[in-house]
Amino acid sequence: MTTMTTPEDAAPKAAQGAFLSVRDLYVRFSTEDGIVKAVDGLSFDLQRGQTLGIVGESGSGKSVTNLAVLGLHNPATTEIAGEIVLDGQELTGASNRTLERLRGNRMAMIFQDSLTALSPYYTVGRQIAEPYVKHRGASKREGRERAIEMLEKVGIPQPRLRVDDYPHQFSGGMRQRAMIAMALVCNPDLLIADEPTTALDVTVQAQILDLLSDLQQEFGSAIILITHDLGVVSKVADDLLVMYAGRAVERGSTRQLLTEPQHPYTWGLLGSMPRLMSDVNEQLTPIPGAPPSLLAPPPGCAFHPRCGYTDLVGGGRCAVQRPDLPLGRGSACHLTDQQKRSVFIETIQPRLG
Amino acid sequence: MLRFLVRRTLGAVVILLFISAFTFFLFFAIPHDPALLSCGKNCTPDNLKTIHHNLGLDHPVPVQYYLFMVRIFTGHHFAAGNCPAPCFGYSFANSEPVWPTLIDRLPTTLSLALGSMVVFLLFGLGTGMLAAWRRGSAVDKVLSSASLVLSSMQIYFVGPLVLALLVYNNHILDQPKYVPLTQNPVHWFSGLIIPWCVLSILFTANYTRMARSTMIEQLQEEHVRTARAKGMSGAYVFFRYAWRGSLIPIVTILGIDLGSLLGGAMITEWTFQLTGLGRLAIDSVTKTDLPMLMGVMLFSSAMIVLFNILVDAVYAFIDPRIRLS
Amino acid sequence: MSNDISLSKAPAAARAAEPPGETLLEVRGLAKHFPVMGGFPFKRQVGAVKAVDGVDLTVRAGESFGLVGESGCGKSTTGRLVTRLLEPTAGSISYRGRDITHASRKELAPVRSEIQMIFQDPYSSLNPRQTVGTIIRGPMEINGIEPPGGREQRVRELLETVGLNPEHYNRFPHEFSGGQRQRIGVARALALEPKLIVADEPVSALDVSIQAQVVNLLQQVQRELGIAFLFIAHDLAIVRHFSERVAVMYLGKIVEVGDRDSIYLRPRHPYTHALLSAVPEADLTDGGTERERIRLAGDVPSPVNPPSGCHFRTRCWKATEVCAAEEPPLVRLGGSAEGHLTACHHPEEPTITGRTEDVVLDPALAAIEDALDDVGGVDGVGDGEDFQDGAGSAAGRP
């Protein structure tokens, strides 16, 4: 889980013992319109065998963060600053060769759209075997056997036959399983799943989510699950990180975030999504306005133009001063803890029914 | 796969029938009497009538077309000479059947077109990929601007220029000529090297630009990113994943370009005085040798249709989604 | 017909018992088959994608009716058939008692203005070269409608209704965010004062925080203007939030239909159970009621060759021979509320709380869970037998 240290000893140095430690990560793209501040000072830790859910809407920087961890950004247009430490090894300045040795081996990624993320030109078996052959020095034959074994593990019927199929011959759910098999083929210590179930039907999504958490118990990988869906993340993640406009706004255990959320944006997300058990007579409470442009994010707290509680802070502080997010449980908001608690209990919770 | 080829061949036959009918009727729309050619100087209306009869020109046009098609398979004995099957008509200007002439000229045109295709694919795709690999670098910029300049070079301009510089003034290369490959491969090569290069200049420039842009596009595909996420090396990802994907658009354009390649070959033949199908076509036009012209047209369209079937087969080979659907 | 369900009423009778309220749209036996070409050596039709395969539904004036299902179940095709953007293969569609199944363009004209559509993708469904004003005015011009105060005045009113600034009349779609574009789509749909709006996944392309804005807007439009909605979506929670009555579709057929609480709290069809149990739900309280866990195997089969009898039987843990032989009729089961119809030979207990044993059909899940949990708590595949005769008793429950 994310280290639940108290804010006082939240030193900017990479935490001891954390398997993955990200400190003050900045990712900037230069585009024709200007510099996009995709990730703006992000820090988090992840322990072995734990699942961290990163929640945010499009443009919140959640996917960019993880491409940066794997070093998959385009170096020509992207500027990265900060520390990414994987098991004691610094990744931000690492050479291409070092990253290639880690990718697919110690850290692997599952993408959202399995149809475009798998090559249409090679068989599923070959694509699964490739990292195994490269990183483990296995022969083609051993790679194929391993691919069959992995296909069986993720529940592809008749894996010995299906190993020679092409991705387009698989159904959507099966392709996503094949992608999971491909990511796990070298027993990675870190698995990053970027919206792994968003393109899937709900019954298939449930299968895949359960499969992921069951496989995690078997393989013991640490997982970063990126999603926009609080429901998905609540089923799988131990800890949550809520991102908005390239910054983390709240972190804590999944339980803490869902039962006593502290940040107005988290409140907004919870109020925006109807649930199967919520009161249908209660209107949804959307967040007004739209997410900001990352070319020119608002000064101070990036959420303040959409926030209904800036008056409680007073003095126009929200528009000027950027609130900090402690490394442990907490939220990046100028409201006092007392205010957060009372606003949630008095106004937010009753509406969530 | 076999089914696919059979279906495509059947389709090709239908297309060829349409092309032949279209060309045939097109010729009869020309206000010119082919019989006049054979009639000579002392042409009387009676003579003309006899020739009309001998050539079958007294039949209505659809019947003539029918006879033309039948004679391809059966052959025919014209008054002017014998025309064994496959009989694509009889050239009265040359006093010989069309088919043997076509077969005689084919190797020159085929050598020229296929040879230059090899040249422009090698150079065009090679430089295009190099530019994509070093995207944004000086190499990329030089190659890209060079291809822009070259793409404005026309055969009838570059051809004589090259001849003057390399052959007549400095004697660096031989005067272009066609020597059959089976007779002397070295002379075949040295005789065609200038025409190949001249014909492929335009194509090389175009394929450089196309290969560059499709490669850049492919490198941004998600499955290419997945391959990188698996730890595959840069070169492996470039050649195995991105290159594989960019083959499809390249093959597509190649299929479309065949027509202009043949056209370019004809101009090249004319420029370098090579006796291929192109020269034959131009000569037939100047001599109003309609049967010969018709033969050349049918023959070249058949080649293009055939080549397109080949391209489709290559598609299926490249892309399993086509092969297995 | 299987003998383990008691039919209290025939479907016709069930319809008659519906509460009063003018029937706006009535669809009977609606089908749409898309041809599949193939064959050798000449291409011909060798089969059909049975996208919609016999759908009955009724939408009453002012009501919000939800149509929910997974991809390929035919819900979007149904929407397009109802608005006659597609030509039905079979069945009938009648609007306010008028048969419009095969009505010509001309005959449809007066009806078209009363049935409007809102599309999923707010980016591609608006012409980028037209101003917002032109887009919203379009339906009025086509139908020759001159509202009092002029068209421009009306457009400005509409913009205000959907929460946009009326001064943005002359802006182009690309100047708006996704949520705002969807509002433009809503304004266009409202321009002709329709009686029925078919909304096909109207919020699924939007971010969560924006989704809620659009859902609220649609709800406000539905309630305040009394417009009936056919709300098509795959998100069960949003459909529940929006719709008074809900139909669940699977492979071209409606498997269960009823009022909101019947479907979401007392579902009878195994597929509805499976769907509901699959929804990942954030639990906002400490320890809520435990829900049942059903994990199906594989994906939805292809609609080209749907299974015989009950389409769901190939993924159902209760399937027996009768399911393959006979297509279950969509009827009211004993113990179901009025208007709650289910098409199943072996219906489930009308509850969604956790059962003693999870149903896990997925072989990989079952294998791993067996291995992880050696005690043997997870054993889904064998559950079928125990439940078959349980259905009879379920039917007898109040």
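For this structure, a couple of remarks:
- Across the range B:154-249, the convex hull enclosing all Cα atoms gives 148 Å³ per residue.
- Computed over chain B, relative contact order equals 22 percent, with contacts defined as Cα pairs under 8 Å that lie 6+ residues apart.
- Helix B:45-55 vs. chain B, principal-axis angle (Cα, 0 to 90°, nearest 10): 50
- The angle between the Cα long axis of helix B:61-74 and the longest principal axis of the Cα atoms of chain B comes to about 70 degrees, rounded to the nearest 10.
- Helix A:172-184 vs. chain A, principal-axis angle (Cα, 0 to 90°, nearest 10): 80
- Within chain A, helix-based [θ] at 222 nm, where runs of 4 or more DSSP H residues each add -39,500 (n - 2.57), nearest 500: -9500 deg cm²/dmol
- Semi-axes of the equivalent ellipsoid of the range B:54-99 are 16, 13, 8 Å, computed as sqrt(5λ) over the eigenvalues of the C-alpha gyration tensor in descending order.
- GNM result for chain B, Cα springs below 10 Å: residue of B:Ile253, B:Ile201, B:Ile267 fluctuating most strongly: B:Ile253
- Mean Cβ neighbour count within 10 Å, used as a protection proxy, ranking C:271-277, B:183-189 highest first: C:271-277, B:183-189
- Most fluctuating residue given options B:Leu148, B:Leu199, B:Leu258, as computed from a GNM of chain B linking Cα atoms under 10 Å: B:Leu148
- For the range A:198-281, the direction-averaged projected area of the alpha-carbon convex hull comes to 6.7 nm².
- Volume per residue for the range A:253-353 equals 115 cubic angstrom (convex hull of Cα atoms).
- Signed unit charges on C-beta, dipole axis of the range A:57-212, positive-most listed residue A:Leu115, A:Pro75, A:Gly155: A:Gly155
- Charge dipole of chain C (Cα centre as origin; +1 on each Lys and Arg Cβ, -1 on each Asp and Glu Cβ, all else neutral): 2280 debye, rounded to the nearest 20.
- Exercise: per-residue mean of other protein chain Cβ atoms within 10 Å, A:207-217: 4
- Options B:Pro97, B:Ile72, B:His59, ranked by Cα towards positive dipole end of the range B:2-98, top entry (Cβ charges): B:Ile72
- When Rg and Dmax are taken over the Cα atoms of the range C:96-154, they come to 14.0, 39 Å.
- Electrostatic dipole magnitude of the range B:2-98 [Cβ: Lys, Arg +1; Asp, Glu -1; Cα centre; debye, to 20]: 500
- Segment B:Glu217..B:Thr288, full-extension length gain: 20.6 nm, with 0.36 nm per residue of separation and the alpha-carbon distance subtracted.
- Taking other C-beta atoms within 10 Å as the exposure proxy, B:His59, C:His33, A:His263 rank B:His59, C:His33, A:His263 from fewest upward.
- Shape analysis of the range B:2-98 yields a ratio of the Cα radius of gyration to the Kirkwood radius, Rg/Rh, of 1.07.
- Other protein chain Cβ atoms within 10 Å, averaged over every residue that makes up A:163-176: 3
- Evaluated over the range B:100-323, the Cα radius of gyration and Dmax, each in Å: 19.9, 66
- Sorted by Cβ neighbour density within 10 Å, fewest at the top, the residues C:Lys195, B:Lys230, B:Lys49: B:Lys49, C:Lys195, B:Lys230
- Here the protein assembly as shown is treated with +1 on each Lys and Arg Cβ and -1 on each Asp and Glu Cβ, and its dipole about the Cα centre works out to around 3200 debye.
- The fewest-to-most ranking of A:Arg341, C:Arg188 by surrounding Cβ atoms within 10 Å reads A:Arg341, C:Arg188.
- Note on B:Gln175 and B:Leu57: with the Förster distance fixed at 51 Å, the Cβ-Cβ geometry gives a FRET efficiency of about 0.75.
- Spacing of the two label points (7 Å from each Cα toward its C-beta) at B:Asn82 and A:Arg160, in nm: 6.6
- q = 0.10, 0.12, 0.13 Å⁻¹, chain C: log10 I(q)/I(0) [Debye, one scatterer per Cα]: -0.73, -1.00, -1.13
- By the Kirkwood approach, averaging reciprocal distances over each pair of separate Cα atoms, the range C:210-292 gets a hydrodynamic radius of 14.3 Å.
- The aspartates and glutamates within cross-link reach of A:Lys140, meaning a Cα-to-Cα straight distance under 16 Å and a gap of 8 or more places when in the same chain, are A:Glu130, A:Glu149, A:Asp164.
- Helical content of chain C, expressed as a calculated mean residue ellipticity at 222 nm, amounts to -8500 deg cm²/dmol (DSSP H runs of 4 or more residues, -39,500 (n - 2.57) each, divided by residue number, nearest 500).
- Between C:Glu290 and B:Ile15, the modelled labels are 6.7 nm apart [label points 7 Å from Cα along Cα→Cβ].
- Rounded to 5, percent antiparallel among DSSP beta bridges of the protein assembly as shown: 60
- Most mobile of A:Thr197, A:Thr31, A:Thr51 in a GNM of chain A (Cα contacts under 10 Å): A:Thr31
- Exercise: per-residue mean of other protein chain Cβ atoms within 10 Å, A:55-62: 2
- Size-normalised alpha-carbon gyration radius of the protein assembly as shown, reference 2.2 N^0.38 Å: 1.15
We did not get these values from a lab; they are worked out from the coordinates using the rules stated. All values derive from a computational prediction rather than experimental measurement. Because the Cβ atoms are built from the backbone with ideal geometry, glycine has one as well, and the counts that use them run over all protein chains shown.
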